[in-house]
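Below: the structure, in structure tokens.
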């Protein structure tokens with residue numbers, strides 16, 4: 001399994017076809033998915049402090065010679081580390097190591113046998129007893145400890161190379177995600193700026209319209225006044241015409257009356 005597919009499976013990165021989800025949905029979906037698909041490592045299992053082989057008490061001495069592997073190599077106790085190891089990642093490395101297994105019995109088969117013997121003899125068996133039993137079986141196959149040491153170092157080199165490859169791949173994927181995130185943010189910023197520009201334009205248009213409305217209202221009041229004055233002038237003219245006409249008619253009628261009265 002590729003690193004990218006593994007990280008996608010465990011919910012650390014999104015699948016290409018995965019749609020946008022809220023952060024809450026992502027966390028809920030990824031955590032549940034990880035719990036359901038977690039497979040414990042086979043040859044490098046994690047043991048709690050209760051089940052791991054007992055370590056010598058501080059200050060205790062032993063006359064047993066130290067082997068090329070630590071006394072509790074079958075079960076590494078990491079409960080006191082600052083950060084716990086996800087067994088899924090150990091399983092991932094374990095699978096990669098299985099793919100790189102060298103031909104013939106070597107350290108990898110030794111590790112398998114150590115685990116099998118540990119399970120067979122029981123967790124209370126001293127680690128050194130398990131170690132000696134496995135070494136004896138390998139010596140019977142003409143596989144000396146030197147061969148185990150040599151291939152153990154080679155497997156360490158394999159793991160180191162895999163780690164570097166995976167970290168490089170993870171860094172590339174992280175850069176890809178950062179670039180994708182930056183593109184999304186840039187798009188949103190552009191959209192936001194466009195909307196702000198449109199809002200400013202609308203605000204300017206609103207101000208222009210408000211100014212036009214004020215001018216029209218002012219002109220309307222002016223026109224109302226001018227129209228009223230014009231009508232009043234016409235009405236005054238009409239009144240004056242009537243008055244002048246009446247005055248003239250009255251004057252003529254007076255003259256007619258005087259002429260008739262004189263008898264001339």
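Values quoted throughout were computed directly from the atomic coordinates according to the rules given, and no laboratory measurement underlies them. Predicted, not measured: the structure shown is a model, and the values here were computed from it. Methodologically, a virtual Cβ is constructed for each residue, glycine included, from the backbone with ideal geometry; neighbour enumeration extends over all protein chains shown.
Quick look at the values:
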{"read-out": "Potential lengthening between residue 246 and residue 93 on full extension [0.36 nm per residue; Cα-Cα distance subtracted]", "value": "42.7 nm"}
{"read-out": "Burial ordering of 200, 97, fewest other beta-carbon atoms within 10 Å first", "value": "200, 97"}
{"read-out": "Computed FRET value (nearest 0.05) for residue 153 with residue 128, which takes r as the C-beta separation and R₀ as 22 Å", "value": "0.50"}
{"read-out": "Bins of 10 Å, starting at 0 and running to the largest distance - Cα pair percent for segment 178-264", "value": "13, 14, 13, 11, 10, 9, 8, 7, 5, 4, 3, 2, 0"}
{"read-out": "Inter-probe distance in nm under a simple model that places probes 7 Å from Cα toward Cβ, at residue 179 and residue 219", "value": "5.9 nm"}
{"read-out": "Span from the segment 113-140 Cα centroid across to the segment 160-212 one, whole angstrom", "value": "59 Å"}
{"read-out": "Inter-label distance for residue 239 and residue 197, nm, one decimal - labels placed 7 Å from Cα along Cα-to-Cβ", "value": "6.4 nm"}
{"read-out": "Residues residue 258 and residue 228, FRET efficiency given R0 of 45 Å [Cβ-Cβ distance, rounded to 0.05]", "value": "0.50"}
{"read-out": "Computed lengthening from residue 170 to residue 188, 0.36 nm per intervening residue step minus Cα-Cα distance", "value": "3.8 nm"}
{"read-out": "Rough spin-label spacing in nm, given labels placed 7 Å along Cα→Cβ, for residue 5 and residue 119", "value": "2.6 nm"}
